[in-house]
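Down below is the structure, laid out as C-alpha cells.
The values are calculated or read from the model by the stated rules, or taken from the named source; none is laboratory data. None of these values were measured; they are calculated from a predicted model. Glycine gets a Cβ as well: all are built from the backbone with ideal geometry, and neighbour counts include every protein chain shown. We work out accessible area using only protein heavy atoms, side chains counted, and drop any ligands, DNA or RNA first. Shrake-Rupley method; radii C 1.70, N 1.55, O 1.52, S 1.80 Å.
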Amino acid sequence: MEKERKFLQGNDAVALGALYAGCKFFAGYPITPSTEVAERLAAWLPSHGGRFIQMEDEISAMAAVIGASLAGAKSLTATSGPGMSLKLENLGYGYMAEVPCVVLNVMRGGPSTGTPTGPGQADIMQARWGTHGDHPCIALTPSTVYEQFSQTVRAFNLAEKYRMPVIILSDEIIGHMREAIEIPAKGELEIIDRLKPVCSAEDYKPYDNSQPVSPLAPFGSCYRYHVTGLNHDEYGFPTNSSKLIGIQEERLLSKVEKNYDDIVLTEHFHCDDAEYIIFAFGSSARASKDAVLNLRKKGIKAGLLKPLTIWPFPDIDILKYAGKVKGFLVPELSLGQTVREVSRAVYGKCRVEHIYRVDSEPVSPAQIEKAVEAM
C-alpha cells in the first residue's frame, strides 16, 4: 500500500482505517448515520481476504463480531443510537470474555429514534456505563476525517493489545463531512496483533490471572478452552469461588487503569499560556479550535484541550491545568454528560462552565467565544 492523498468522507476513512489495521470481518445492520461504513466494507473486504455479513439485527451483529474475533479475525461493527443500545448486552459479554473487537458508534440525537440525520454527543455515559456491572472501557473520540482513519487503526491496536472491545465515538458531522487526507503507506503506522500462546495445549490458560492480558488462541485450534459470560477460572470454566471472582474483576479494570499513559491521548492547542481552556471533542472540538483562534485575536488567552480518548477520562491532563487557569468551558451536544466529568476532574481548583445544543445543530464558534468572554 503506497502513501496516497484522498478526498474522503469520515465514514469512508473508518472503513479504510479498519482495512489498514488488518480487519478481516464486519457484521452489522444498516442505521443512519453509520451505514456508509458497512457499504464500503461490503465492497472492499472480499478483495482484502475478509468477510462481510449483514445480520438480521444489531444484537446478532455484535454476537457475530465476538464469534469472528474468537476465531482469530480482527472484527468491526458500526452503528448509532438505538443500535448501540441493542449491542450492549453482548458488549458486556465481550468485556467479560476478553474478546478484542471494535465498535463504532456514529452518534446522533436521541433518546429513542431521536434525530437520525442530526449530530449528538450524548452517548458518552452509555459507552462507559451502558452494559451492567464493573468493567473496563476504552472509547476514542476523533474530530477530523484523518482521525477517523488513524483512531480506527489505534482502536484495533488497543483492542488487540488489551484483549477487549474498544469503542469509537464519532458523530454525524464527522461521519459525513469530507476532507482531503493523506493515507499512510503500509508500515508507516504501527499495527499490533494479539498475543498468541507458545506453550503446549495442555498448559494453555486463556484467563491467567497472574498476568494482565493472556495470549488468545484462535477458537477451534489445538488450544481448546471454554468461553462464557459467567465469572470463570483461568481455563474459562464458570466458578463460584469468591477469591477467583474478585481477582478477575479487579484484573479486568486494572489492565486499563494502570496503562493511562499508553491509552489516553489528548491534543493541547494553545494551552501553555491559556487563562481559559475549552474541553471539547468531536465536531464540538472543531468549532472550539476556531473559537480559540478568534479569542486570541481579541487578546483573550484561550486554549483547547481535545481528548482523542474519552475513556479512560483524561483526568491527569485536566488536573495539569486546573490550578493554573481561571476556568474551563465545556461545549457539547448533550445536556451535560461531559461537563460532569470535567467538574469532577478539576477537584474544585477552578471554575467550570458549560454550553450545549440538543436541537440537531452543532455548537458554533460564536457561541463558544461569547461564553468564554462572559467568563
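Overview of results
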quantity	calculated
For LEU140, distant residues with modelled amide H under 5 Å away	ILE167, ILE168, LEU169, ILE310
Length added when fully stretched, GLU257-GLU2, from 0.36 nm per residue minus Cα-Cα	88.1 nm
For the range 260-332, the spread of Cα positions along each principal axis, largest first, Å	36, 27, 17
Long-range amide H partners of THR115 with built H, under 5 Å	GLY109, GLY110
Theoretical FRET efficiency, 1/(1+(r/R0)^6), r = Cβ-Cβ of LEU189 and ASP290, R0 25 Å, to 0.05	0.35
Orientation-averaged projected area, Cα convex hull of the range 297-337 (nm²)	4.1
Angstrom value of the Kirkwood radius, inverse mean 1/r, which spans all Cα pairs in the chain	21.2
Point-to-point label distance, MET125-GLU39, nm (Cα→Cβ direction, 7 Å offset)	3.4
Ranked by how many other beta carbons lie within 10 Å on average, peptides 231-241, 118-128 from highest	118-128, 231-241
Acute angle (nearest 10 degrees) that the helix 282-297 long axis makes with the longest principal axis of the chain, alpha-carbon atoms	30
Shape metrics for the range 194-323, restricted to C-alpha atoms - Rg then Dmax, Å	22.4, 69
Accessible area (Å², per residue) of the range 1-111, counting only protein heavy atoms and a probe of 1.4 Å	35
Rh by Kirkwood over Cα pairs, then Stokes-Einstein D for the range 61-115 at 1.567 mPa s and 4 °C, µm²/s	112
Amide H contacts under 5 Å for ILE355, placed H, 5+ residues apart	VAL330, GLU332
Too-long pairs where the Cα-Cα distance tops 19 Å, listed order kept, from LYS74/LYS258; LYS196/LYS243; LYS74/LYS186; LYS87/LYS258; LYS205/LYS255; LYS24/LYS196	LYS74/LYS258; LYS196/LYS243; LYS87/LYS258
Mean separation of Cα contacts under 8 Å, 6 or more apart, over the residue count of the chain: relative contact order %	16
Accessible solvent surface per residue of the range 224-272, calculated while the other protein chains remain in place, 1.4 angstrom probe, Å²	60
Rg/Rh (Cα only; Kirkwood hydrodynamic radius) as it applies to the range 272-375	0.93
Heavy-atom accessible surface of the range 1-94: percent carbon and sulfur, 1.4 Å	54
Among beta bridges that DSSP assigns inside the chain, antiparallel share in %, nearest 5	30
Full-extension gain in nm, SER85 to GLU267, via 0.36 nm per residue minus C-alpha separation	62.6 nm
FRET efficiency for ALA71 and SER241, using Cβ-Cβ distance with R0 set to 41 Å, rounded to 0.05	0.90
Potential lengthening between GLU249 and SER360 on full extension [0.36 nm per residue; Cα-Cα distance subtracted]	36.1 nm
Distance (nanometres) between label positions extended 7 Å along Cα→Cβ at ARG344 and ILE316	1.8
Accessible-area composition of the range 281-375, carbon plus sulfur, in percent [1.4 Å probe]	51
Charge sum, other residues only, whose C-beta stays under 13 Å from VAL325's C-beta, Lys/Arg counted +1 and Asp/Glu -1	+1
Cα centroid separation - the range 169-209 against the range 276-318, whole Å	27
Value of D in µm² per second that Stokes-Einstein yields for the range 235-299, Kirkwood Rh from Cα pairs, at 25 °C (0.890 mPa s)	154
C-alpha long axis of helix 145-162 to longest principal axis of the chain, angle in °	40
Between 0 and 90°, nearest 10: helix 10-21 axis offset from the chain longest Cα axis	40
Diffusion constant of the range 34-147 at 25 °C, which comes from Stokes-Einstein with the Kirkwood Cα-pair radius and 0.890 mPa s, µm²/s	165
